[in-house]
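To start, the structure under review is shown below, and the notes come after it.
The values are calculated or read from the model by the stated rules, or taken from the named source; none is laboratory data. Since this is a predicted model, take the numbers as computed values, not measurements. Here Cβ is always computed from backbone atoms with ideal geometry, including for glycine, and neighbour counts include all displayed protein chains.
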Amino acid sequence: MESSQHSEPIFEEKQDQGLPLQYGPNDIPKWYKTIPLGFQQSMVAMAGLFVTPYIVSETACAGMHTTELRTKLISTAFVITGIATILQSTLGIRLANLQGPSFAFFGSLYAFANLPEFKCHAKEHEHVPHEEYLKKIQLISGSLICASFFSMFLGLTGLIGLIARRVGPITICSIIALLCLDNVGAVLDKAQLHWISIV
C-alpha cells in the first residue's frame, strides 16, 4: 500500500482581491494629503493628551488646586508630545504618528492611588498645601521614569520578542479588559457632568 503524501498547505492562500496599499513605508504623501491625514491622527490622539493629565491630577489629590494642576499637566503634555513627535519623526524611526502619553502606566497610577499612605482624603474645595501634592507628582514622575527604563531595557535587549512568543493574546486581552473595566467608574462620573462626551 503506497501512502501518497500531499504537500498542500493547511490554509488556502487567498488571492489579494482588495486594493493595493496607497503608501509604502518609505513613501511620502503629497502635502495636500498630509495635512488632513495629520489632523485626523492628531484628533484621535487628542483624547490621550487630556485623559492622562486628568487622571494624574486626581491621583495627586490637590484639593482646590486640582484645576490649576490639571492645566499645567495638560500644557506640559502638549509641549512634550510636540518635542517627542518632532524628534521621532526626524531622528527616530520616522513613524507618521503623534507621540503622546502612554495608557500603559494607568495600572501603576491606580496602584499608587490605592496605597494607604497616598489615599486622597481631601475634598474638591479643601486647601491642600502645594508641597503635599507636588511631592506626590514627583513620586509619580520618578516611578514612571524608572518603569520606562525597564520597558526600554526589554526593547533594546530583544527580550520583548521572547516574551511576545510566550504570552498569548488571551493574556494580553484579559489585562487590557481589566484596565478598561477599572476606568468605567471615572468615565461614567465625567460623562454625567458633560453631555458632549456622550456624543
In region 79-137, the residues that are in a helix (DSSP H, G or I), under 20 Å from Gln41 (Cα atoms) and out of contact with any helix residue (DSSP H, G or I) (no Cβ under 7 Å at 6 or more places or on another chain)
Val79, Ile80, Gly82, Ile83, Ala84, Thr85, Ile86, Leu87, Gln88, Ser89, Thr90, Ala104
Considering only residues that are exposed (fewer than 13 other Cβ atoms within 10 Å of the Cβ) and closer than 16 Å to Ile80 by Cβ, which ones fall in region 129-141?
Ser141
If you scan region 87-108, which residues turn out to be surrounded by 15 or more Cβ atoms within 10 Å (Cβ to Cβ) and free of Cβ contacts under 8 Å to residues at least 24 places away in the same chain?
Gln88, Ser89, Gln99
Just to be sure, is Leu139 at pLDDT below 85 and under 27 Å from His65 (Cβ atoms)?
no
The residue from Leu162, Leu144 that alone is loosely packed, with under 14 Cβ neighbours inside 10 Å and either in contact with a Lys or Arg (Cβ under 8 Å, 6 or more places away or on another chain) or not in a loop (DSSP other than H, G, I, E, B) (or both) is Leu162
Looking only at region 50-71, count how many residues are within 18 Å of Ala122 (Cβ to Cβ) and in a helix (DSSP H, G or I).
15
Looking for whichever is touching a residue at least 40 places away in the same chain (Cβ under 8 Å) and not assigned by TED's automatic domain parsing to the domain that holds Val184 here; the options are Ala84, Ala111, Ala122, Ala47. Which one fits?
Ala122
